[in-house]
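To start, the structure under review is shown below, and the notes come after it.
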Amino acid sequence: MRIGIFTDTYPPFINGVSTSIKMLENALRKKGHKVFIVTVNPEDMSYHFDDNGRIIRIPGIPTGIYDYRLTTFYPIRAVKRIKKWNLDVIHTHTEFGIGTFARVIGKQFDIPVVHTYHTMYEDYVHYITKGYFDGPSKKIVEYLTKFYCDKTIEELIVPTKKTYDLFKEKYKYDRNVHIIPTGIEIERFYKENIKTDMLDILRKKLNIKTDDIVVLFVGRIASEKSVDFLINNQKDLVKKNKKCKLLIVGDGPDLEKYKKLAIKNKIEENVIFTGKVPWDEVPLYYNLSNIFVTASHTETQGLTVIEAMASTLPVVALDDESFRNTVVDELTGYLFKNKKEYLNRMLKLIECESLRVKMGNQARINSETYSSKYFAERVLEVYRLSLKGKERGKNKSYISRVKNTITRGLHGK
């Protein structure tokens, strides 16, 4: 199969969507499929090909939201190159920018479009509105999302039931919605694949001792991730165990604010901020740690949780639909509803190494469900459905034309 993946975010840009797309691309190629990428140039306004012409990077304008760029440039030479790819199916990972371009290409060359909905946009409206007109803006987001995910595609993929319910219950979406949890290349995070000398170097760099209990968060440093919840509660954890350190990996608009919060709580020695780290070094940080935590309430799935599980870490996560199908409470970690539950569960894990090992080992076993191979197989099934749907549409169109011809003939027209 010849597959075109259209996305606004792709390596070297690092985030959950970018990582999942690269993983899917690799898994599909291993299965013998031809994969082509259309994305935004993350660095400047130039236009070029990568990977022997299998990747087209189109100029993009900075949006002001993190490092995202949005493109409205659809060069004719890009269209000509895509036409030569002779794609069987298009898989989009964004509703706007490159996503719009994908839908234009799909219609122009009669290629079925499959879409994966990654982002709960209503949770991010405040970055654009700055607190003004949030209500109307969310309505606009809802309208645009329903339009792009209903009128312009053959099949829709979502990663969790939480997102499924958004479309089926709130948006009243009446077409197919396939729940396919995003997979990852879990082997990258296996302890046996991590070089111990690299861990030693990183530990020394971060001033982490071998007997420290490292609590890890990986993600964007922004208000919707509730990193302040972790920092504020770290103060109570440190009172119980001075060797407990919170390691915060990532960058974002609130990084400086949270550094000041750690200082305000007088725990700056027990809260370590790394800032942005290279994609290929991320597994080191997981394997340096003892427990993974997240209090985020805006995830569609939470790929970092799966990465932590593959790294043999127990997970303590907010009791949210995004995490309930991933974290098995009291088996692979704990789910919490409030501060009291969070502290109680964290102290259990901090104080009991055997419990951490037991839950971590089970998390590693459960992470197999999210392997890239299994994920790619399920996505391929949706591709095949889209091709069948497109063929059915052609047949219906042909039958309709025949019926109209016969009707006109019967009426002497």
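Filter the trypsin sites (Lys or Arg not before Pro) in region 194-287 to those in DSSP coil with at most 15 other Cβ atoms within 10 Å of their Cβ, and list the result.
Listed in order of number, the matching sites are Lys195, Lys209, Lys242, Lys243, Lys266, Lys276.
At 7 Å along the Cα-to-beta-carbon direction for both Trp279 and Met198, put a label point, then send me their distance in nm to one decimal.
Calculated label separation equals 1.5 nm.
Count the net charge of all other residues whose Cβ sits under 13 Å from the Cβ of Lys235, scoring Lys and Arg as +1 and Asp and Glu as -1.
Working: positive: Lys239, Lys240, Lys242, Lys245, Lys264, Lys266, Lys339; negative: Asp228, Asp236, Glu268, Glu269.
Here the count lands on +3.
Mind checking the per residue accessible area of region 275-359 for me, 1.4 Å probe, whole number of Å²?
Computed with neighbouring chains in place, this is 38 Å² per residue.
Quick check: from the Cα gyration tensor, does region 192-260 come out rounded (a/c under 1.5), prolate or oblate?
Taking the square roots of the gyration eigenvalues as a ≥ b ≥ c, region 192-260 is oblate.
Mind listing which chymotrypsin sites (Phe, Trp or Tyr not before Pro) in region 302-364 are in a DSSP loop and have 11 or fewer other Cβ atoms within 10 Å?
Those that pass, being in a loop and sparsely packed, number zero.
Give a residue-ordered list of calculated ³J(HN,Hα) values for region 281-295 (Karplus: 6.51 cos²θ - 1.76 cosθ + 1.60, θ = phi - 60°; whole Hz; x for Gly, Pro).
9, 4, x, 4, 5, 5, 6, 7, 9, 10, 9, 10, 10, 7, 10
Non-local amide H neighbours of Val271 (under 5 Å, H modeled in plane, Pro and chain starts lacking H): which ones?
Correct list: Leu246.
Whole-Hz ³J(HN,Hα) for each residue in region 315-327, computed from phi via Karplus 6.51 cos²θ - 1.76 cosθ + 1.60 with θ = phi - 60°, x for glycine and proline: what do you get?
With coefficients 6.51, -1.76 and 1.60, one gets 10, 10, 10, 4, 6, 10, 4, 4, 10, 5, 7, 9, 8 Hz.
Quantify, in whole percent, the carbon and sulfur part of the accessible surface of region 182-321 (1.4 Å probe; protein heavy atoms only).
Solvent-exposed carbon and sulfur of region 182-321 make up 50 percent of the total.
Ile213's amide H: which non-local residues (gap 5+, or another chain) put their own amide H closer than 5 Å, with H modeled 1.01 Å from N in plane and none for Pro or chain starts?
Amide H neighbours of Ile213: Cys244, Lys245.
Quick one: Karplus J couplings for region 231-247, per residue in order, coefficients 6.51, -1.76, 1.60, θ = phi - 60°, nearest Hz, x for Gly and Pro?
Going residue by residue, I get 5, 4, 7, 4, 4, 6, 5, 5, 4, 7, 8, 5, 8, 7, 10, 9, 9 Hz, with x marking Gly and Pro.
If you take every residue apart from Arg29 with its C-beta less than 13 Å away from the C-beta of Arg29, what net charge results, scoring Lys and Arg +1 and Asp and Glu -1?
Overall, the nearby charge balance is +4.
The values are calculated or read from the model by the stated rules, or taken from the named source; none is laboratory data. All figures in this text were calculated on a predicted structure; none of them were measured in a lab. Note: ideal-geometry Cβ built from the backbone for every residue, glycine included; neighbour counts use all protein chains shown. Just so you know, the surface numbers come from the protein's heavy atoms only, side chains and all, with ligands and any DNA or RNA stripped out. Shrake-Rupley method; radii C 1.70, N 1.55, O 1.52, S 1.80 Å.
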